[in-house]
Amino acid sequence: MTLRTRFALLTGSLVLLVVIAVSSGAYIVASRQLRNEVDQALDARVELISRGLASSDQQVGRQRRRRPLSDSLLQAEFDTVSQIINRYGVVVASAGPIELPFTADDEVLLKNKIGYHRSTFTTAQRTYRVLSVPLTNGTVVKVGRDIQDIENAREGMRRWFALIALIGFMSATFLGWLFARRTSKPLEELAFAAESIAATQNLDREIVVSGDSEVRQLTISFNAMLVALRSSLNRQNQLVQDASHELRTPLTSLRANTELLERSSLSDQDRTAILADMRAEVDELADLSSELSALATDHRQAETPKSIDLAELVSDIVARVSRRTTGTIQIQLINPAVLQVRPQQVERAISNLIDNAIKFSPGGENIEVVVDGARVHVRDHGSGITDEDKSHIFDRFYRASATRSLPGSGLGLAIVQQCADDHNAKTFVLDAPTRGAIVGIDFS
């Protein structure tokens, strides 16, 4: 069963229940009101007869008389029946179009001489509302009133209410189906698009935004998800291609060196040099593997953000890097902030900024690290970065033409950019006042 069918049936059922509840309430109230009016009329009739018998000089005997009581007491109305039953259960006076039956309830009233009894009596064509009341003289007054018109009205009410309920159910079901169709059509199109994308693996498709606000927002979110998936897939494909390209050079060099080592005429000095080259290539492969792993890791899932003191974190990094470099690293702290970040990822990014500055500072010149609030930048005293290269230095495997001879994989600043993206931060590159470059990340 489709969503629109379920919604339509649910809407129709709810309307049907409401109509049934309202109709039942109206039917019960109307029926009770009409019956109460009849009962009040019967009560008044019994009261009239009771007063007449009390003031009359005629006695109620064993035999039925033609006119045992005055016409003022047993005045016959076209829809009313009046009877007097003596203590022996004999109808001694009657007025009206029919004879009311003597029942077991009437016998109980004659015997106990207290209470009253109401009932409904149906003949072949008419229905009567009947009231039996015992009197103090040992008789029972029994009056009835034709309520066939009321029964007909009640029957008509039942038919009309049933028809209204049916019409309401069908109308609500149809309108609910139309509304559900209008609402579910964009969802069906979205589901079809998702199935098509899953089957074809084509992430270039974009869903047309339509429907109500909620469906529209769902479509926009789905398109945003497709954009993110396309971007992720493109990054993965680019990473694989670039990694394959970058790995080819050291692997080719290692293969060539192993072939050279197989030569029997190779001198010890050449063998030592080749082994040193191989160790350098292995170190380069290890660094490349580590950086590729860092780029491939989703730190948003792998690491939980924590509150850190940026000054303390940067000071620890500078102290650790200073132990493995000959140059001097100066640190300047200006109102350092406390941030909610992923510590390991941020530590790796800042370390890469410092390592990058060391690589481009020939002769062991000083490196300056500045922490200004939530902003960290590192200055080197190298040759600087051209305007053409500034927009690309954070790209993966990008190597400026002037630095391709230097060691490195071109992934260090890409890791910094990834850290910035994961923390909604910004990276920047500036020219130093005299010479060199300023590269940093701003978490504010």
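The values are calculated or read from the model by the stated rules, or taken from the named source; none is laboratory data. Remember, predicted model here, so these are calculated numbers, not experimental data. Cβ coordinates were reconstructed from backbone atoms using ideal geometry, including for glycine residues, and neighbour counts include every protein chain displayed.
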Does any residue in the stretch 416-435 that is modelled with pLDDT under 90 come within less than 8 Å, Cβ to Cβ, of a residue that is surrounded by fewer than 18 Cβ atoms within 10 Å (Cβ to Cβ) and of a type in the set (Val, Ile, Thr) six or more places away or on a different chain, and which pairs are these? none
Out of curiosity, is Gly144 buried (at least 16 other Cβ atoms within 10 Å of the Cβ) and over 25 Å from the mean Cα position of the chain (by Cα)? yes
Regarding Val321, is this residue among the β-branched types (Val, Ile, Thr), surrounded by 15 or more Cβ atoms within 10 Å (Cβ to Cβ) and assigned by TED's automatic domain parsing to the domain that holds Ala437? yes
Only one residue in Gly364, Gly440 is at pLDDT below 90 and under 21 Å from Val321 (Cβ atoms), so which one is that? Gly364
Would the stretch 348-369 turn up any residue that is on the phi > 0 side of the Ramachandran plot and not assigned by TED's automatic domain parsing to the domain that holds Leu229? yes
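The rows are residues; the columns are (1) surrounded by 15 or more Cβ atoms within 10 Å (Cβ to Cβ); (2) farther than 17 Å from Val416 by Cβ; (3) in contact with a His (Cβ under 9 Å, 6 or more places away or on another chain).
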{"residue": "Arg342", "(1), (2), (3)": "yes, no, yes"}
{"residue": "Val346", "(1), (2), (3)": "yes, no, yes"}
{"residue": "Leu353", "(1), (2), (3)": "yes, no, yes"}
{"residue": "Val369", "(1), (2), (3)": "yes, no, yes"}
{"residue": "Ala374", "(1), (2), (3)": "yes, no, no"}
{"residue": "Arg379", "(1), (2), (3)": "yes, no, no"}
{"residue": "Glu388", "(1), (2), (3)": "no, yes, no"}
{"residue": "Ser391", "(1), (2), (3)": "no, no, no"}
Scan the stretch 10-57 residue by residue and report those that are farther than 30 Å from Val133 by Cβ, surrounded by 12 or more Cβ atoms within 10 Å (Cβ to Cβ) and of a type in the set (A, V, I, L, M). Leu10, Leu14, Val15, Leu16, Leu17, Val18, Val19, Ile20, Val22, Ala26
Failed criterion for Ala280 (all others in (1) surrounded by 13 or more Cβ atoms within 10 Å (Cβ to Cβ); (2) out of contact with any Phe, Trp or Tyr (no Cβ under 7 Å at 6 or more places or on another chain); (3) within 25 Å of Leu295 (Cα to Cα); (4) modelled with pLDDT under 75 hold): (4)
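For the stretch 93-120, give me the residue count where each residue is within 16 Å of Val46 (Cβ to Cβ) and either within 60 Å of the chain's Cα centre (by Cα) or outside any loop (DSSP other than H, G, I, E, B) (or both).
Residues that pass the stated criteria total 10.
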Selected residue [over 19 Å from Ser24 (Cβ atoms), in contact with a Lys or Arg (Cβ under 7 Å, 6 or more places away or on another chain) and assigned to a loop (DSSP other than H, G, I, E, B)] from Gly144, Gly138: Gly138
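If you check Asn223 against the conditions, is it in the same structural domain as Leu288 (by TED's automatic domain parsing) and more than 33 Å from the chain's Cα centre (by Cα)?
Values: in the same structural domain as Leu288 (by TED's automatic domain parsing): yes; more than 33 Å from the chain's Cα centre (by Cα): no.
So Asn223 does not fit the description; no.
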Go through the stretch 1-20 and report how many residues are within 31 Å of the chain's Cα centre (by Cα), over 13 Å from Met170 (Cα atoms) and at pLDDT 85 or above. 1
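Being assigned to a loop (DSSP other than H, G, I, E, B) and either within 28 Å of Val378 (Cβ to Cβ) or outside the structural domain of Asp372 (by TED's automatic domain parsing) (or both): is that true of Arg300 here?
Working: assigned to a loop (DSSP other than H, G, I, E, B): no; either within 28 Å of Val378 (Cβ to Cβ) or outside the structural domain of Asp372 (by TED's automatic domain parsing) (or both): yes.
So Arg300 fails the test.
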Count of the stretch 153-204 residues which are among the acidic types (Asp, Glu), in a helix (DSSP H, G or I) and over 21 Å from Arg216 (Cβ atoms): 1
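How about the stretch 22-34: which of its residues are within 18 Å of Met170 (Cβ to Cβ) and without any contact (Cβ under 8 Å) to a residue 60 or more places away in the chain? Break it down stepwise before answering.
Pass one, the stretch 22-34, residues within 18 Å of Met170 (Cβ to Cβ): 22-23.
Answer for the stretch 22-34, where residues must be within 18 Å of Met170 (Cβ to Cβ) and without any contact (Cβ under 8 Å) to a residue 60 or more places away in the chain: just Val22.
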Qualifying residue in the stretch 266-282 (condition: assigned to a loop (DSSP other than H, G, I, E, B) and more than 54 Å from the chain's Cα centre (by Cα)): yes
In the stretch 227-262, what count of residues is obtained for those that are over 27 Å from Ser293 (Cα atoms) and either assigned by TED's automatic domain parsing to the domain that holds Arg396 or loosely packed, with under 11 Cβ neighbours inside 10 Å (or both)? 2
